[in-house]
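Asker: Mind having a look at this structure? Questions to follow.
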Amino acid sequence: MSGSSDGPEDKQEWRHKDIPRFVVGCEEDEEDDDMDQVEIDMKSDNSREEDMEEDDDSLRGQIVVGICSMMKKSKSKPMTQILERLCKFEYIDVVIFSEEVILEEPVEKWPHCDCLISFHSRGFPLDKAVEYAKLRNPLLINDLNMQYFIQDRREVYRILKEEFIELPRYAVLNRDHPEECNLVEGEDHVEVNGEVFPKPFVEKPVCAEDHNVYIYYPTSAGGGSQRLFRKIGSRSSVYSPESSVRQTGSYIYEEFMPTDGTDVKVYTVGPDYAHAEARKSPALDGKVERDSEGKEIRYPVMLTAFEKLVARKVCLAFKQTVCGFDLLRANGHSFVCDVNGFSFVKSSMKYYDDCAKILGNMIMRELAPKYSIPWSIPIEDEDIPIVPTTSGTMMELRCVIAIIRHGDRTPKQKMKMEVRHHLFFELFDKYGGYKTGKLKLKKPKQLQEVLDIARQLLVELGQHTDCEIEEKKSKLEQLKTVLEMYGHFSGINRKVQLTYMRKGKPKTSSEEEDCKKDGPSLLLILKWGGELTPAGRVQAEELGRAFRCMYPGGQGDFAGFPGCGLLRLHSTYRHDLKIYASDEGRVQMTAAAFAKGLLALEGELTPILVQMVKSANMNGLLDSDSDSLTDCQQKVKARLHEIMQKDQEFMQEDYHKLAPTGSPSLVNSMNIIENPVKTCDKVYTLIQSLTSQIRKRLEDPKSADLQLYHSETLELMLQRWSKLERDFRMKNGRYDISKIPDIYDCIKYDSQHNASLSLEDTMELFRLSRALADIVIPQEYGISKAEKLDIAQAYCVPLMKKIQLDLKRTHEDEAVNKLHPQYSRGVMSPGRHVRTRLYFTSESHVHSLLNMFRYGGLLNEENDQQWKQAMEYLSAVNELNYMTQIVIMLYEDNNKDLTSDERFHVEFHFSPGVKGCDDEENVPLGFGFRPASSEVCEDNEDKKTNQGSLECLSEDQTDRALLVSDPINIQRKSPVIRNRKTGSMEVLSETTPNHSSKGGTSQRFLQSCSRQSPEIKPTGGLGFEGCSMVPSIYPLETLHNSLSLRQVEEFLSRVCESSSEAHVKTMKALSGLFDSQSQSSLYSMHHPLSTSGSEASLRPPSQTVCHGSVPSSTVSSAGPSSPPSPNTETSGQNFGVSG
């Protein structure tokens, strides 16, 4: 059967025969069942000899390819598929060496072959294979001697370095050679032979066969380590609280590369062919994503020209024709982190075809002349054509930008004290405080030093009552108590700030000393609390899960099917995602929990935080120094205090002074308060009642071991309320208005989480403090429009500049990672990309940014009815609560001219975040998410289809092309104000089926954050560690759905450049953010990594979900809105492409 009896009429090297020649060098009874399943005729040596006798002439010119490896590898499905195709070369026979022969027989008895494919795996005798190669001198597809090097990661890295291939910064710890072994381990770093690696860093065993790779995380991210191992079922790693490195064995320590949670595996077949696949990084959550057949989900991706050169170098340097290696894409670079040697793609028919064809041609080219076999190099264009795809005339989602406030937190607490002891000044000097006059201490080592000073001073005070220690004993004791909380340090929940004061601190509140000392001092500000609660984590994660619905193809069982909508977009590198967060722990953890829900991750938040979230504390992008106020803020606060200290009912002039914008939410709060001093008296009396009740509970033996929410005790609860009681009413009898937000913060927390205590009058305290807070908090960011803009610029000009750049960099550059078109079956637009930028921050930035959009002149309310209605809606919102969202979405119509304003289409959405305790009665009514026009409503009633409507799209179709013949009709009319019942659905559970209706007029965007209890009831039950008291989140409301990109860009430019000082600050921030060599990750010296997503969609049960029917990143535009104002409607602008 090894030759054709009628002779080779066809001289092609790739000839399909009925039965390929596929010979096994073993006995017949050792044949593998898997080979029978794929219908390959495996013949024994005896049958081969019979064939040779029958047709000796036809076999004389055959080339025998020997497969020498462990049988598990030789008979694997990928190998079987490739050998089956290789046998279709007319002059090639394949012989598989049996495992028994390889392990037990001397090499002299091994089958003869002209070409040898042999590779090492566990248990394989590489020495014997090398001996065989010396004996028979076959053509080697993969060099055998180099396979020794591949087994040692030290040698792999040495070779890569010699070939000038980029790899992570690393150092080798050789415990085999003590003279080369110098390891110094610190709390947040390790020093190996003089090379320092701050956490996170990677620890790899030098033996490549040992897959127990550990990643160590910094204490600021929660510490611990991620432990990777060879896949077991659906796990590839686990998180461990252990933070110390291993003390036995030799390891490579290397810098952690901040990828976007995705690894790229590259497979070469010769130096000119490389197949690349993306998979979820095993370090992310350790869960292996598998398809319906149980195979790990991977998506072939396009390699850049540089990466193709790297693949060529790796193939040639290690002399491995068939070779796999791992690529990390981070910070705009591609790093090789591992070389595996002989590796096949697990399941790709196209790869099997390519691999067999390349190997067959290679073998024929080298050996055909030796056997006088007629063969010529086939003239064939092997380049795969890239066929551009089209998404019809539907508008395509191109960019999602979201600014999101952090989730539910514990009450923030703060203590100020003036310190003069030389130990504090020495600490201030040690960490460079004199350079800027300010110092922030968050690291465990730094906090330990502050604690040591406090302990030492308290000891000295106890021993010498007349000593010169000026620090107040009660303050030192509080400092010590707070720093000793939890039993360990973490920068996420406590920090100390020191500020230098040349002439000491003037007395400003009841907290300060009565007598003022001369000379320099330090203001020590201790901050604690403000931690993200379990409820906050659930809120963020559920919002992330629902956020997927904003993207095309994300409806249906979006939470459980990783191949649809956003998840598919992200996995195939068509989602350009980055998540930024300020440096506050609650904000970072909110971002990590959101990413966990958005990308369907599992496990601890620490690995997600390290890999997915980037710090953005660059000159105020998302952070602000709340202790240093602008002149305008100081004046505004002073005016607020003056108005709120009047012991009389609000007069008409007070309404003009306090609410010049006429905001209904402000006016309503003033009506509730009537007399601010009398209301403060009531609040103070209620606080006294509350502390008295808590003291009585403490005296009750039954309450001794009572655990409150988030492990708080009654003692701690009493401490925070007693402090507020002391500080709210000052010694002069006046009230400290700056404490009102803290009072509201505490009562809101206890009303939600500690309602089981059933304390009296808590709801009255909540009602009054909320009314006061609804005035004080928003008005601290400006009373008049001019003040609001001035203060907003001080906070958020860098962020607005960043948003402007995000919108302008809409089009992807050619160098961007792309899905390989040849492998994109079922993906209708593989070349399309969606840019997502998520910014997680605190209340100050959200207030400021919203004020910029409201009062900065984006649109003229008189000329734009939709914007006027949106402003009325925002004025009725009294609180920007946890998880408040401001969302900007950019769409593109590829059928419009690049110079047309209709080419790009911007939408602006908003949600005031989680619901309060008594919000249900006073919910301001918006207009739904992406509301449709009146014409659409009429068409729906007549059961006609309108291309600009969301309802026209069919249900439960993921990633399918929707062919549209006519362009979208973006109508310029006001949206219909929907009935209050429309879109009233408040919870979107994981298993909620899609619903559709022909009569809906808008899409509600529901961010459900409750798996068990969707809302907080004012008298509701127990708040305990878990999810039972997690409030739901208000739906997104569309503020405007028909802005042109030019309008938005001109507005951003105008408001950002109106302040030269703010502009200089912005440029400083952006120079760091966008320099490709200096962009900083939260835990890396490199640039930010790509990762992040957008928000969640809420829909009423009676309405169609639009996105499920849209192909890839294409959605229809929700067209209608009133005409843009004449002064902003100008000709279009063509922005250049960029990543």
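The values are calculated or read from the model by the stated rules, or taken from the named source; none is laboratory data. These numbers come from a predicted model, not from an experiment. Every residue, glycine among them, receives a Cβ derived from its backbone with ideal geometry; neighbour counts consider all protein chains shown. Ligands, DNA and RNA are excluded from the accessible area calculation, which covers all protein heavy atoms including side chains. Shrake-Rupley method; radii C 1.70, N 1.55, O 1.52, S 1.80 Å.
Asker: Is there a residue in the stretch 906-917 that is modelled with pLDDT of 80 or more, open to solvent by less than 10 Å² (accessible area, probe 1.4 Å) and more than 25 Å from R835 (Cα to Cα)?
Answerer: Yes.
Asker: Another question, then. If you go through the stretch 515-546, how many residues are assigned to a strand (DSSP E or B), open to solvent by 30 Å² or more (accessible area, probe 1.4 Å) and at pLDDT 90 or above?
Answerer: 0
Asker: Could you grab me the full set of residues in the stretch 166-225 that are touching a residue at least 12 places away in the same chain (Cβ under 8 Å), among the acidic types (D, E) and in a loop (DSSP other than H, G, I, E, B)?
Answerer: Once the filter is applied, which keeps residues that are touching a residue at least 12 places away in the same chain (Cβ under 8 Å), among the acidic types (D, E) and in a loop (DSSP other than H, G, I, E, B), the stretch 166-225 yields E166, D176, E187, D188, E209.
Asker: Turning to a different aspect of this structure: Say whether the condition of being part of a helix (DSSP H, G or I), among the basic types (K, R) and open to solvent by 30 Å² or more (accessible area, probe 1.4 Å) is met by at least one residue in the stretch 333-346.
Answerer: Checking the stretch 333-346: not a single residue is part of a helix (DSSP H, G or I), among the basic types (K, R) and open to solvent by 30 Å² or more (accessible area, probe 1.4 Å).
Asker: Checking the structure you have, find out if any residue of the stretch 884-904 is part of a loop (DSSP other than H, G, I, E, B), closer than 22 Å to R405 by Cβ, touching a Pro at 6+ places or on another chain (Cβ under 7 Å) and at pLDDT below 80.
Answerer: no
Asker: Check off (1) of a type outside the set (S, T, Y); (2) touching a strand residue (DSSP E or B) at 6+ places or on another chain (Cβ under 7 Å); (3) assigned to a helix (DSSP H, G or I); (4) under 15 Å from C323 (Cα atoms) for V266 and give me the number that stays unchecked.
Answerer: (3)
Asker: I would also like to ask the following. Of everything in the stretch 845-873, what is assigned to a helix (DSSP H, G or I), in contact with a helix residue (DSSP H, G or I) (Cβ under 7 Å, 6 or more places away or on another chain) and either surrounded by fewer than 20 Cβ atoms within 10 Å (Cβ to Cβ) or among the charged types (D, E, K, R) (or both)? Give them in sequence order.
Answerer: Within the stretch 845-873, R854, Y855, M871 meet the criteria.
Asker: Condition test on L126, is it within 30 Å of A171 (Cα to Cα) and surrounded by fewer than 19 Cβ atoms within 10 Å (Cβ to Cβ)?
Answerer: So L126 passes the test.
Asker: Looking at this structure, is P111 closer than 16 Å to G66 by Cβ, touching a His at 6+ places or on another chain (Cβ under 9 Å), open to solvent by less than 50 Å² (accessible area, probe 1.4 Å) and not acidic (D, E)?
Answerer: Here the answer is no, as P111 does not meet what is asked.
Asker: Quickly run through the stretch 386-404 and pick out the residues that are modelled with pLDDT of 85 or more and open to solvent by less than 10 Å² (accessible area, probe 1.4 Å).
Answerer: Within the stretch 386-404, C399, V400, I401, A402, I403, I404 qualify.
Asker: Scan the stretch 290-325 for residues that are of a type outside the set (A, V, I, L, M, F, W, C), under 22 Å from the mean Cα position of the chain (by Cα) and crowded, with 19+ Cβ neighbours inside 10 Å and report the count.
Answerer: 3
Matching residues to (1) at negative phi; (2) open to solvent by less than 10 Å² (accessible area, probe 1.4 Å); (3) modelled with pLDDT of 95 or more:
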| residue | (1), (2), (3) |
| --- | --- |
| D143 | yes, no, yes |
| F149 | yes, no, yes |
| E155 | yes, no, yes |
| Y170 | yes, no, yes |
| V184 | yes, no, no |
| N193 | no, no, no |
| K199 | yes, no, no |
| V202 | yes, no, yes |
